[in-house]
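All remarks here apply to the structure that follows.
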Amino acid sequence: MNPATRWLSTLMALFGRNWITMIGTGVTTVCAVLIIAFLVPGLMAMSSTPYVGIFAFLILPGFFVLGLSIIPVGVYWDHRKKVAARRRAEGEAVSHYPTLNFNNPVVRGAAGLVFFLTVVNVFIISSVSYRAVVHMDSPEFCGEVCHTVMQPEFTSYVDSPHSRVKCVECHIGPGAPWFVRSKLSGAGQVLAVAFNTYSHPIPTPVENLRPSQDTCEECHWPQKFTGDRVRVITNYSEDETNSALQTVLLMHIGGGASRGAGIHSWHIDPRKETTYIATDEQRQKIAWVQVKEADGTVTEYKAADSELTPEQIAAAEKRRMDCLDCHNRPTHIFRSPARALDEAMTKGRIDVSLPYIKKLGVEVLKEVDAAGDVRTQIEQRVRAYYGENYNELLESKRESVETAIAELAAVHKRNVFPKMDITWGTYPNNLGHEEFPGCYRCHDDSHSSANGEVIRQDCTICHAVLAWQEENPEVLQKLAAQ
Ligand code: HEC
Ligand code: HEC
Ligand code: HEC
Ligand code: HEC
Ligand code: HEC
């Protein structure tokens, strides 16, 4: 036998026995070639849709394994048929198991080939499983596959301080048990999306979100915080010149784990445990707060308007306060029209010399019909307003007007998602007290303890207000001069 015919008969002996094995071999080979092609670095990066990843790392490997597993099924089926035929011809003495004669070059070749292909298959399966895990952990996978559902969170994420932190680092965190849990709940979510049974909007607070000790504190460890931080907030007024007013706060952030004044010092001191009872789903109405100190002192504060009886308090579900009770929007930050415009104007994306643009913008953003063509509505309103009141401006500041229209539409798109029933203010932000109750859910001077102490609202415990809505605040000029 020359080598070529020997290889051919080896291949035929292994894979050409019957149609089942041949289909299995065909499917496996095609998938293997495609998978190897996708494993080549850089090839995936050329495509911008997350579905390519699903195809390359989930669907193809599925068929690859299916093909692989039907090859032995075919071999076994074929073998049984042949044994049965030989038994009919030669009698029951024919043994069931084949005799492998390694003196036969075809058997030797087949054994070598099987060994070689097994190594290749193990390589393909392990690389592809690794890539599948990496791919499913990527923000593109989490944020873009179920596009409509995750669009609000993905959009806010991309534009946030955490846009280089992966979704899974906050939503799953390290460790195998949470990985498995997340994949199980992920499978449920895929079904919910497929059958459109998910809620619009996705309800918050997120049930079973991993405690922040295991996620946030992986990067922001409590001992790291210290001292004060200056915050400068710029608001544009709703007057003709959109005057810029600045508020300067000296935030007393303070350190974790060390005693001393400050927000974190008090609230994330591991020696203190603050628990509370909320009477609404979004945890906006806090009826009861308890603080347990290291020395065993327990103080209970009750809201003045709370009608909870001691039995109800004992039976109610209590939550232990952690980072997320204040930082519930570290990444998915949705802004109000006024805040979003302040930001756009500060960043120079809207020309502040356009008269009344702040007032007009806020009105237009609140009033457009989100289900309709938002951009056209904004364009018509803005042009109509300037046409009526500042006609020459449509020509002299043509470009500014156009940019403003585009930015207003973009602001709307970043914050309002009609398909998920998300509009201005759907998700409260608990950091602060200006637009949502936030800190004042407790710090309202009316949650009081049995001996008359209250959770204080003193303006100086959290920050010093160095300037409040001032034009060119003196304190900033002083700082700049130094
Ligand atoms: C820095 C941490 C962090 C990152 C990164 C992050 N999230 Fe979140 N996410 C949160 C927190 C905290 C909440 C909880 C909000 C609550 O319970 O009120 C949340 C809530 C959500 C919700 C519920 C709806 C909502 O807006 O509250 C969805 C959906 C979500 N995240 C998806 C994602 C996706 C998709 C990504 C990646 C593209 C991502 N998250 C990245 C911290 C994060
Ligand atoms: C993988 C690391 C990582 C994780 C996990 C993480 N963060 Fe961050 N966080 C960062 C980085 C990086 C920054 C940006 C620092 C900067 O801009 O100076 C940041 C910034 C912040 C800021 C300041 C934002 C600002 O406007 O200055 C807050 C608040 C914050 N994170 C809270 C959280 C909370 C709450 C969680 C948990 C839900 C969390 N982070 C999880 C890395 C992380
Ligand atoms: C009682 C509410 C509260 C709790 C609880 C809380 N924080 Fe904060 N945190 C704040 C406030 C308020 C600020 C200041 C925000 C500002 O400057 O605008 C802040 C600031 C930060 C910053 C920015 C710090 C800087 O120096 O720039 C990070 C990061 C942060 N917090 C992370 C965390 C983490 C992680 C936890 C949980 C271990 C946590 N916070 C718990 C209220 C809280
Ligand atoms: C669930 C209730 C609750 C919420 C919400 C809450 N706190 Fe507190 N906080 C308390 C209690 C109780 C105390 C202790 C009583 C006191 O000092 O008035 C306290 C004390 C403090 C102190 C220490 C005051 C001192 O003695 O120096 C600071 C600072 C503080 N909180 C900041 C904040 C900030 C900032 C927020 C919002 C981002 C916030 N807290 C939200 C319950 C809460
Ligand atoms: C329990 C803590 C706490 C108390 C008490 C408190 N504040 Fe604040 N305040 C905050 C936090 C947190 C922010 C938000 C900072 C940020 O935007 O990150 C804030 C923001 C502000 C702002 C800026 C609002 C804006 O434009 O965003 C002003 C002004 C302000 N506080 C004034 C006051 C005054 C006046 C009092 C007394 C009646 C007071 N605060 C009491 C925690 C507190």
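Without any contact (Cβ under 8 Å) to a residue 60 or more places away in the chain, of a type outside the set (Phe, Trp, Tyr) and touching a Lys or Arg at 6+ places or on another chain (Cβ under 6 Å), is that true of Val368? In short, no. Here region 398-440 is the region considered, the condition is being within 16 Å of ligand 3 (Cβ to nearest atom) and part of a helix (DSSP H, G or I), and the residue that is nearest to Ser306 (Cα to Cα) is Tyr440.
Evaluating Thr403 against the criteria (1) buried (at least 18 other Cβ atoms within 10 Å of the Cβ); (2) more than 12 Å from ligand 4 (Cβ to nearest atom); (3) at pLDDT 95 or above leaves one unmet condition, (1).
Considering only region 377-400, state which residues are among the polar types (S, T, N, Q) and more than 42 Å from the chain's Cα centre (by Cα). Of everything in region 377-400, those that are among the polar types (S, T, N, Q) and more than 42 Å from the chain's Cα centre (by Cα) turn out to be Asn389, Asn391, Ser396. Exactly one residue out of Ile233, Ile253, Ile263 is within 14 Å of ligand 2 (Cβ to nearest atom), within 20 Å of Glu343 (Cα to Cα) and aliphatic (A, V, I, L, M): that is Ile233. Does His443 satisfy the criteria of being assigned to a loop (DSSP other than H, G, I, E, B) and under 28 Å from Phe334 (Cα atoms)? Spelling it out, His443 is indeed assigned to a loop (DSSP other than H, G, I, E, B) and under 28 Å from Phe334 (Cα atoms).
If only one of Ile422, Ile461 is over 16 Å from Val232 (Cβ atoms) and within 16 Å of ligand 5 (Cβ to nearest atom), which one is it? I'd like the intermediate steps shown before the answer.
Details: Ile422 fails: within 16 Å of ligand 5 (Cβ to nearest atom).
Every option except Ile461 fails the conditions.
Among the residues making up region 291-337, those that are small (Gly, Ala, Ser), loosely packed, with under 13 Cβ neighbours inside 10 Å and over 22 Å from His267 (Cβ atoms) are Ala304, Ala314, Ala315. Among residues of region 454-466 that are farther than 26 Å from Lys478 by Cα, those with a beta-carbon under 7 Å from a residue that is crowded, with 18+ Cβ neighbours inside 10 Å at least six positions away or on a different chain give the pairs Val454/His447; Ile455/Val289; Ile455/Tyr301; Ile455/Cys442; Ile455/His443; Ile455/His447; Arg456/His443; Gln457/His443.
Taking the stated definitions as given, is Ala261 in a loop (DSSP other than H, G, I, E, B) and either of a type in the set (Lys, Arg) or over 18 Å from Leu324 (Cα atoms) (or both)? Reasoning before the result, please.
Values: in a loop (DSSP other than H, G, I, E, B): yes; either of a type in the set (Lys, Arg) or over 18 Å from Leu324 (Cα atoms) (or both): yes.
Answer is yes for this residue.
Does Thr197 satisfy the condition of being buried (at least 16 other Cβ atoms within 10 Å of the Cβ) and part of a loop (DSSP other than H, G, I, E, B)? Criteria not met by Thr197. Only a single criterion out of (1) out of contact with any helix residue (DSSP H, G or I) (no Cβ under 9 Å at 6 or more places or on another chain); (2) near ligand 1 (Cβ under 8 Å from one of its atoms); (3) farther than 18 Å from Asn328 by Cβ is not satisfied by Thr204, namely (3).
Each row is one residue, and each column tells you yes or no for (1) assigned by TED's automatic domain parsing to the domain that holds Gly53; (2) within 18 Å of Phe63 (Cα to Cα); (3) in contact with a Ser or Thr (Cβ under 8 Å, 6 or more places away or on another chain).
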| residue | (1), (2), (3) |
| --- | --- |
| Ala110 | yes, no, yes |
| Leu113 | yes, no, yes |
| Ile124 | yes, yes, no |
| Ala132 | yes, yes, no |
| Val149 | no, no, no |
| Thr155 | no, no, no |
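Does Phe154 satisfy the condition of being more than 16 Å from ligand 5 (Cβ to nearest atom), surrounded by 15 or more Cβ atoms within 10 Å (Cβ to Cβ), at pLDDT below 85 and under 21 Å from Pro330 (Cα atoms)? Reasoning before the result, please.
Numbers: more than 16 Å from ligand 5 (Cβ to nearest atom): yes; surrounded by 15 or more Cβ atoms within 10 Å (Cβ to Cβ): yes; at pLDDT below 85: no; under 21 Å from Pro330 (Cα atoms): yes.
No; evaluated as a whole, the condition is false for this residue.
Being within 16 Å of ligand 5 (Cβ to nearest atom) and part of a helix (DSSP H, G or I), is that true of even one residue in region 470-477?
There is at least one residue in region 470-477 that is within 16 Å of ligand 5 (Cβ to nearest atom) and part of a helix (DSSP H, G or I).
The criterion of being assigned by TED's automatic domain parsing to the domain that holds Ile268, touching a residue at least 40 places away in the same chain (Cβ under 8 Å) and hydroxyl-bearing (Ser, Thr, Tyr) holds for Thr234.
Here Glu217 clears all of (1) in a loop (DSSP other than H, G, I, E, B); (2) within 13 Å of ligand 3 (Cβ to nearest atom); (3) of a type in the set (Asp, Glu) except the condition numbered (1).
Counting only helices (runs of 4 or more DSSP H) that sit wholly inside region 1-91, not one has at least 3 residues that are at pLDDT 90 or above, outside the structural domain of Phe123 (by TED's automatic domain parsing) and closer than 20 Å to Leu113 by Cα. Just one of (1) in the same structural domain as Val382 (by TED's automatic domain parsing); (2) closer than 30 Å to Phe154 by Cα; (3) outside any helix (DSSP H, G or I) fails for Asp342. It is (3).
Please verify whether region 458-466 includes one or more residues that are away from ligand 3 (no atom under 16 Å from the Cβ) and not in a loop (DSSP other than H, G, I, E, B). Step through it out loud before you land on a result.
The first filter runs over region 458-466 and keeps only residues away from ligand 3 (no atom under 16 Å from the Cβ), leaving none.
Checked against the condition, which is being away from ligand 3 (no atom under 16 Å from the Cβ) and not in a loop (DSSP other than H, G, I, E, B), region 458-466 yields no hits at all.
The values are calculated or read from the model by the stated rules, or taken from the named source; none is laboratory data. Note that the structure is a prediction, hence the values are computed from the model and not measured. Backbone-built Cβ (ideal geometry, glycine too); neighbour counts: all protein chains shown.
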